[in-house]
1. Quick one: in region 56-98, which of the residues that are part of a loop (DSSP other than H, G, I, E, B), of a type outside the set (D, E, K, R) and at pLDDT below 95 is farthest from Glu214 (Cα to Cα)?
2. Please name all residue pairs, on different chains or six or more residues apart, with Cβ atoms under 6 Å, provided the first residue is in region 151-163 and is under 17 Å from Leu206 (Cα atoms) and the second residue is of a type outside the set (A, V, I, L, M, F, W, C) and part of a helix (DSSP H, G or I).
3. Which condition from (1) within 26 Å of Lys166 (Cβ to Cβ); (2) in contact (Cβ under 8 Å) with a residue 12 or more places away in the chain; (3) of a type outside the set (Lys, Arg) is the one that Ser148 breaks?
4. Picking from Val119, Val132, which residue would you name as being surrounded by fewer than 24 Cβ atoms within 10 Å (Cβ to Cβ), at pLDDT 95 or above, of a type outside the set (S, T, N, Q) and closer than 19 Å to Leu66 by Cβ?
5. What is the residue count in region 135-154 for residues that are at pLDDT 95 or above and charged (D, E, K, R)?
6. Any idea which residue in region 164-186 is surrounded by the fewest Cβ atoms within 10 Å (Cβ to Cβ), counting only those that are under 14 Å from Leu206 (Cβ atoms), touching a Lys or Arg at 6+ places or on another chain (Cβ under 8 Å) and not charged (D, E, K, R)?
7. Which of the residues spanning region 197-231 are under 26 Å from Lys90 (Cβ atoms) and surrounded by fewer than 20 Cβ atoms within 10 Å (Cβ to Cβ)?
8. Just to be sure I understand, how many residues within region 105-120 are assigned to a helix (DSSP H, G or I) and more than 21 Å from Leu173 (Cα to Cα)?
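The values are calculated or read from the model by the stated rules, or taken from the named source; none is laboratory data. All values reported here derive from a predicted model rather than from experimental measurement. Backbone-built Cβ (ideal geometry, glycine too); neighbour counts: all protein chains shown.
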Amino acid sequence: MNAAASNLFGPIPSLSKTLSRPSVCPNFSTRRGGNPNRLPPRSLVIETVEGQTSEEVRSESVARRLILLRHAKSSWEDRSLRDHDRPLSKAGQADAIKVSHDLQQLGWIPELILSSDAVRTKETLRIMQEQVRGFLEAEVHFIPSFYSIAAMDGQTAEHLQQAICKYSRDEILIVMCMGHNRGWEEAASMFSGASIELKTCNAALLEATGKSWEEAFALAGLGGWKLQGIVKPNANL
């Protein structure tokens, strides 16, 4: 990681003890192809053997990147609104702009986005799509259960794993999941084995390898994902 990118990240906590390994995700049906014009993320390393075609390389283990993004700061001005329906504050809007450009500069632009259907997560994504074309080109699914699961102790990591395995395809190398605390920072901590704090509009950048997302989750297990850093809107390049 170059010096410019590393300044984006907060300090990475020390690893805690490795947790138990999850079961392999279920196999789902084939879905439509990805964007042929999308460039690979910066610093992605794919091991190759002389004479192999690109299709053969893709059948081998590759780096798979997971972004766990907590929504930007929400507004409490209208107390009549349900928690689910609260919009972003002006500060939250500014943070979403900053983080979208930071992720673009790092080369962490998702090909698949799975998001809570709460207003504040939808608005966070909309702003990111307005700022960076790559977010607009990504396949997006709004998953209502992402809102409720985040409040349930110890369940978010497994739920995210199942959703990613359901909606992803082998050719997708970067997935972003957008949601809420307590669940999002708990899931980031369980996947990485580190004690991670995610404030509003913070993004944990995780990486593992595998021929598929199912294999990446199975091989890494809980505690085996590498924490590449945490993107924060108040950090400078």
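1. Taking region 56-98 and keeping what is part of a loop (DSSP other than H, G, I, E, B), we get 59-61, 71-73, 75-82, 86-87, 89.
Imposing the further condition that a residue be of a type outside the set (D, E, K, R) reduces the set to 59, 61, 71-72, 75-76, 80-81, 87, 89.
Still in the list and also at pLDDT below 95: 59, 61, 76, 80-81.
Details: Ser59: 13, Ser61: 12, Trp76: 39, Ser80: 42, Leu81: 39 Å.
So the residue we want is Ser80.
2. Once the first residue is under 17 Å from Leu206 (Cα atoms) and sits in region 151-163, its partners that are of a type outside the set (A, V, I, L, M, F, W, C) and part of a helix (DSSP H, G or I) give Thr156/Gly183; Thr156/Glu186.
3. Condition (2) is where Ser148 drops out.
4. Details: Val119 fails: closer than 19 Å to Leu66 by Cβ.
That would be Val132, the only listed residue that is surrounded by fewer than 24 Cβ atoms within 10 Å (Cβ to Cβ), at pLDDT 95 or above, of a type outside the set (S, T, N, Q) and closer than 19 Å to Leu66 by Cβ.
5. Going through region 135-154 one residue at a time, the tally reaches 2.
6. The extreme case among them is Leu173.
7. Selection gives Glu197, Lys199.
8. In the first step, residues of region 105-120 are kept if they are assigned to a helix (DSSP H, G or I); the result is 105-106, 119-120.
Retained after the next criterion (residues that are more than 21 Å from Leu173 (Cα to Cα)): 119-120.
Count: 2.
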